[in-house]
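The values are calculated or read from the model by the stated rules, or taken from the named source; none is laboratory data. Keep in mind the model is a prediction, meaning the values are calculated, not measured. Here the Cβ positions follow ideal geometry from the backbone for every residue, glycine too, while neighbour counts run over all protein chains shown.
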Amino acid sequence: MAGTSATTEQIPVRALGGPTALFEYGGLRFLTDPTFDPPREYRVPGGRLTKVAPSRAAPDDLGRIDVVLLSHDEHPDNLDDAGRALLADVPLTLTTLGGGRRLGNGAKGLADWEPVELDRPGGGTVTVTGVPAVHGPGTREEVEPITGQVVGFVLTGDGLPTIYVSGDNASLDLVGQIAERFGPVDTAILFAGAPRFTVLFDNALIVLDSAQAAEAATILGARRVVPVHYDGWAHFTEGRDELLAAFTAAGLADRLDFGDPR
């Protein structure tokens, strides 16, 4: 079912580096995939991940966080040590079904299309719906044994714009399914960066590249796109310049918002 928005309000989104973004919605404050460690290397199966730039804010600078939207807990470029420590002070973390079991208290896993209603401080509710994502090329059955489960999120509420948070998704087919149910969306927080690894899937994309992010924006009918997951890590092969070029080529440069770094 297509979504509708009762407002033209633009929700400010602060992109904090890597996959981490902060926004307020319906009086609740949401944080995506918290990564706040200083630059360092992490050993992972088959190699290493290297953080090359600090985050644009520290957890203590963010104020109250009501909900963490965690696409997955198994990779340090989506949840690092400082991010895990932050979860202990957050009332609710929404994540994958497996992540909900691993993280325990305060974490809830969402299945595909599963909604959860959150009480708004001033009355009413916000609905967060878990939506499908796949962290690599091919089907979930092919990909999840290698890169694990991933979930995205759609946020809706009476009188509020529709927000889509993609998580580490590489499938435009799944974006199309989400658009069928919720489109057009007001703001799409799209994980991009075109990460590739020679040891995974023959160097195929495991998250959207810049051109695919622009195509996703078109599929979603997104009024605004806030890209994340394209800076701060060595394995991202495309950054701000490539995103701007791709959205310009698609005639969507006016919809691109790199987030307020302040």
Does Val128 satisfy being under 17 Å from the mean Cα position of the chain (by Cα) and closer than 26 Å to Asp60 by Cβ?
yes
Please go through the range 153-173 and pick out each residue that is modelled with pLDDT of 95 or more and either touching an Asp or Glu at 6+ places or on another chain (Cβ under 6 Å) or in a helix (DSSP H, G or I) (or both).
Pro161, Thr162
Assess whether Glu144 counts as being farther than 21 Å from Asn78 by Cβ and either at pLDDT below 95 or exposed (fewer than 15 other Cβ atoms within 10 Å of the Cβ) (or both).
no
Looking only at the range 108-116, decide whether some residue is without any contact (Cβ under 8 Å) to a residue 12 or more places away in the chain and charged (D, E, K, R).
no
Reported set for the range 14-28 where residues are surrounded by fewer than 17 Cβ atoms within 10 Å (Cβ to Cβ) and either in contact with an Asp or Glu (Cβ under 8 Å, 6 or more places away or on another chain) or part of a strand (DSSP E or B) (or both) is Glu24
Residues in the range 170-189 that are closer than 15 Å to Trp113 by Cβ and either touching a Lys or Arg at 6+ places or on another chain (Cβ under 8 Å) or not basic (Lys, Arg) (or both): how many?
9
Is one or more of the residues making up the range 240-247 within 17 Å of the chain's Cα centre (by Cα) and modelled with pLDDT of 95 or more?
yes
Among the residues of the range 184-202, are any acidic (Asp, Glu), surrounded by fewer than 20 Cβ atoms within 10 Å (Cβ to Cβ) and either in a loop (DSSP other than H, G, I, E, B) or free of Cβ contacts under 8 Å to residues at least 24 places away in the same chain (or both)?
yes
Single residue of the range 39-80 satisfying the filter (of a type in the set (Val, Ile, Thr) and part of a loop (DSSP other than H, G, I, E, B)) that is modelled with the lowest pLDDT:
Val52
Say we look at the range 86-96 and pick out the residues that are aliphatic (A, V, I, L, M) and at pLDDT 95 or above; which of these is nearest to His135 (Cα to Cα)?
Leu94
Single residue of Leu155, Leu174, Leu92 found to be more than 14 Å from the chain's Cα centre (by Cα) and within 15 Å of Leu28 (Cα to Cα)
Leu92
Looking at the structure I just gave you, is Arg196 at pLDDT 90 or above and over 19 Å from Leu31 (Cβ atoms)?
no
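Each row is one residue, and each column tells you yes or no for (1) within 21 Å of Val150 (Cβ to Cβ); (2) among the acidic types (Asp, Glu).
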{"site": "Arg56", "(1), (2)": "no, no"}
{"site": "Glu74", "(1), (2)": "yes, yes"}
{"site": "Asn78", "(1), (2)": "yes, no"}
{"site": "Gly99", "(1), (2)": "yes, no"}
{"site": "Val116", "(1), (2)": "yes, no"}
